[in-house]
Amino acid sequence: MLVERYERLVFSVALRNGVSREEAADITQMTFVALLESIEKLREDQRVASWLMTVARRLAWRQRRRSEQECLRGERVHSTEDPIASWERVAVLHEGLQRLGRACRDLLLALYFDPASPSYAAVAKRLGRPVGGIGPMRARCLQRLRALLGEDARL
């Protein structure tokens with residue numbers, strides 16, 4: 001009954017967080033497995049939807065981060081894509097990261113390039129920042145990086 005009721009919601013949350021349809025389907029399954037494993041811990045029935053959305057969002061973030069890391073390491077190169085163009089995009093990204101300030105660079109490297117995929121709490125502790133400030137700082141740093149990359153004619 002819960003799967004029927006919330007499956008489309010969970011799937012759409014995963015899609016909206018930047019994963020492919022196939023990955024969203026996997027995330028939907030993993031989310032409901034997590035629900036099954038945690039069903040006794042949930043205290044309020046009215047919060048099931050928000051709990052499912054939170055789990056799906058976090059799984060999507062992790063999947064997107066893994067996909068980005070694979071792409072940057074060159075593990076996942078699509079045969080239709082020009083390998084030189086792909087390499088150039090990675091080089092431009094690394095140059096943009098170097099042009100960022102140290103705080104932003106350290107944060108983005110920890111969030112997106114650390115193979116351990118640390119939690120916000122672990123990143124906050126490592127960087128000596130409050131955990132509640134990591135998300136807003138991430139948004140500002142990504143905006144700055146986009147602006148830097150937008151200035152680069154090679155993109």
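The values are calculated or read from the model by the stated rules, or taken from the named source; none is laboratory data. Only a predicted model underlies this, so the values are computations on that prediction, with no experimental measurement involved. All Cβ positions, glycine included, derive from the backbone under ideal geometry; neighbour counts span all protein chains shown.
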Quiz item: Inside segment 45-117, counting only helices (runs of 4 or more DSSP H) that do not spill past its ends, which hold 3 or more residues that are modelled with pLDDT under 80 and more than 17 Å from the chain's Cα centre (by Cα)?
Solution: 83-99
Exercise. Give the residue that is farthest from residue 64 (Cα to Cα), with candidates limited to residues of segment 10-37 that are outside any helix (DSSP H, G or I) and small (Gly, Ala, Ser).
Key: 20
Quiz prompt | Residue selected from segment 106-122 under the condition among the aliphatic types (A, V, I, L, M) and without any contact (Cβ under 8 Å) to a residue 40 or more places away in the chain, by the criterion surrounded by the most Cβ atoms within 10 Å (Cβ to Cβ) | solution = 107
Quiz prompt | Selection status of residue 33, surrounded by 14 or more Cβ atoms within 10 Å (Cβ to Cβ), among the aliphatic types (A, V, I, L, M) and closer than 30 Å to residue 110 by Cα | solution = no
